[in-house]
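Here's the structure, in structure tokens; my notes come after.
A short reminder: the numbers here are calculations on the coordinates, not readings from a lab. Source: prediction; values computed, not measured. Note that each Cβ is placed from the backbone with ideal geometry, even for glycine, and that neighbours are counted across all protein chains shown.
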Amino acid sequence: MGQNEPQFLRSALLGVEPMAFVFPPLQAPILPVAGREAVFPVHRIYCIGRNYAAHAREMGHDPDREPPFFFQKAADDLATGGIIHYPAESGDVHHEIEMVAALGEGGEGIAAADALGMVFGYGVGLDMTRRDLQGEAKKLGRPWDTGKSFADAAPCSELVPISDCGHPARGAITLEVNGERRQQGDLGQMIWSVAEQISVLSRFFVLKPGDLIFTGTPAGVGPVQRGDRLIGEVEGVGRIAVEVK
Ligand code: MN
């Protein structure tokens, strides 16, 4: 870059010049990491659809015929447990308990055999869904965004580094609402493994360190109400507890 380049261009491209912001930039969303002081900075949130056969069937689809598909939530939909707020413009908000894979490296065109090497750790998440808005979008052939991305749409536990939990491929994944078991499955029932999900995603997107992947939900999704207490667990990873306000 020559000395005659405009100052604003150098700043934008290199990111090394002190910049004046018209307002303070929002802080990147973060997740705590079990046993560490350092926190995990979140870049994007990817989610796979219908990755457990029993859930695909309960949503009215044939699990055997579909290639994987993905959607995104905004990174600042993240909630780190505790209280989540019932969103506006919906009367049918559903819980979906999911294991979350957190990437510590990025890349494109990753082979499935190399994909797990990009994973920093795992967590327990909830893919909260405005099911009524999602259903309307499906019916009209419109994007899912209003159904899937909203404030507190992505509660997630602290992350457990792979040095502590390995790469869980089997183990119970469960959700209780007010002490009653609502969702139950096993990580081994995933149609597309974590490695395959990363590989396919990396064909369509430039993956970055800080990306989260919500890896799909087992059967038993259903509505939540204000005041409900949700406790989700993934064997070998951890748990998440939230109350809907
Ligand atoms: Mn989901």
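Worth pointing out:
- Taken over the chain, lysine pairs spaced eight or more positions apart, or on distinct chains, with alpha carbons under 26 Å apart number 9.
- Helix runs (DSSP H) in the chain reaching 15 Å along axis by Cα, Kyte-Doolittle at least 1.0: none
- Among the GluC sites (Glu not before Pro) in the range 70-107, those located in a DSSP loop and surrounded by at most 16 other Cβ atoms within 10 Å of their own Cβ are E89, E105.
- In the chain, the convex hull through the Cα atoms has an average projected area of 15.8 nm², a quarter of its surface area.
- With a Förster radius of 22 Å applied to the C-beta separation of A54 and F205, the computed FRET efficiency comes to 0.20.
- The residue among P67, V242, V160 whose Cα reaches farthest toward the positive pole of the charge dipole of the chain, with charges on the beta-carbon of Lys, Arg, Asp and Glu, is P67.
- Restricting the range 14-111 to trypsin sites (Lys or Arg not before Pro) that sit in a DSSP loop and have at most 15 other Cβ atoms within 10 Å of their own Cβ leaves R36, R65.
- Distance between the pseudo-spin-label points of K138 and Q189 (7 Å out from Cα toward the beta carbon): 1.8 nm.
- Extension gain from A241 to H61, taking 0.36 nm per residue of separation minus the Cα-Cα distance: 61.8 nm
- In this Cβ point-charge picture (+1 for Lys and Arg, -1 for Asp and Glu), the chain has a dipole of about 320 debye about its Cα centre.
- In the range 110-149, a dipole from Cβ-located charges (positive for Lys and Arg, negative for Asp and Glu) runs towards its positive end, and of L140, L116, T129 it is L140 whose Cα lies farthest in that direction.
- Longest exposed-site-free window of the chain, the sites being chymotrypsin sites (Phe, Trp or Tyr not before Pro) in a DSSP loop that have at most 16 other C-beta atoms within 10 Å: 70-204
- Calculated FRET value between M19 and I83, using beta carbons and R₀ = 30 Å, to 0.05: 0.30
- Ranked by the mean number of other Cβ atoms within 10 Å of their residues, highest first, the peptides 157-164, 173-180 come out as 157-164, 173-180.
- Extending 7 Å from Cα along the Cβ direction at E180 and again at V39 yields two label points whose distance is 3.6 nm.
- Sparsely packed loop sites in the range 165-202 (the trypsin sites (Lys or Arg not before Pro) outside DSSP H, G, I, E and B with at most 14 other Cβ atoms within 10 Å) comprise R170.
- Alpha-carbon Debye profile of the range 200-245, log10 I(q)/I(0) at 0.19, 0.20, 0.22 Å⁻¹: -0.86, -0.90, -0.95
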